[in-house]
Amino acid sequence: MNNIPETELQARLSQVKLLALDVDGVMTDGGLYYTESGEELRKFNVKDGMGIRLLQQTEIEVAVITNSNSRATRHRVQKLGIKYSFFAIEDKLAVLKELCEQLSLSLAQVAYVGDDIIDLPVLKAVGCPLTVADGIPENQDTAVYVTKLAGGQGAVREICDLLLKAQV
């Protein structure tokens, strides 16, 4: 769902040089699964992974900035070859600003996908704020685009496809 006119959305998407993603609730469905021994598990969507891999073949960088510090999340990020990954982060905006400085980018060139209250400061700061269909209402109001799909259900792939189409 677009919260801005299609032409403006396409203009913003075409300026993106960095896609930064939250993990829980964006790359996953937000559910936490526990084994009998207490090991924490998360479910990731392979279509999201393919979207990230396709985006990595362009000039758009991909980053993960998450409050999570789970082994499963670290493993998935490593398997996808995401160069810029930040775990156990409380102040996501501060980390994103540092990354932008490192990459010589402005926040206006960033698309950020976040689903919950911890992501709101970042969504308000970037040029292309995005959220998933099941993101909290405040994030949906702030985002320029709300995915049709929920977190962990192909929402990241939906965003990757939008970015790929806008780069042409």
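The values are calculated or read from the model by the stated rules, or taken from the named source; none is laboratory data. Bear in mind the structure is a predicted one, so any value in this text is a computation, not a measurement. With ideal geometry, Cβ positions are generated from the backbone for all residues, glycine too; neighbour counts draw on all protein chains shown. These accessible areas exclude ligands, DNA and RNA; they are computed on the full protein's heavy atoms, side chains included. Shrake-Rupley method; radii C 1.70, N 1.55, O 1.52, S 1.80 Å.
Points worth noting:
- Unmet requirement for LEU41, which otherwise passes all of (1) out of contact with any Phe, Trp or Tyr (no Cβ under 8 Å at 6 or more places or on another chain); (2) at pLDDT below 95: (1)
- GLY151 vs. criteria at pLDDT 95 or above, on the phi > 0 side of the Ramachandran plot and of a type outside the set (Phe, Trp, Tyr): no
- Members of the range 1-57 found to be without any contact (Cβ under 8 Å) to a residue 40 or more places away in the chain, among the basic types (Lys, Arg) and farther than 23 Å from LEU103 by Cβ, listed by number: ARG42
- Of the strands (runs of 3 or more DSSP E) entirely within the range 27-125, those holding at least 2 residues that are open to solvent by 20 Å² or more (accessible area, probe 1.4 Å) and touching a strand residue (DSSP E or B) at 6+ places or on another chain (Cβ under 7 Å) occupy 84-86.
- Residue in the range 93-103 that is within 18 Å of VAL16 (Cα to Cα) and basic (Lys, Arg) present: yes
- Leading residue by the ranking (nearest to LEU9 (Cα to Cα)) among those in the range 143-157 that are part of a loop (DSSP other than H, G, I, E, B) and open to solvent by less than 10 Å² (accessible area, probe 1.4 Å): VAL144
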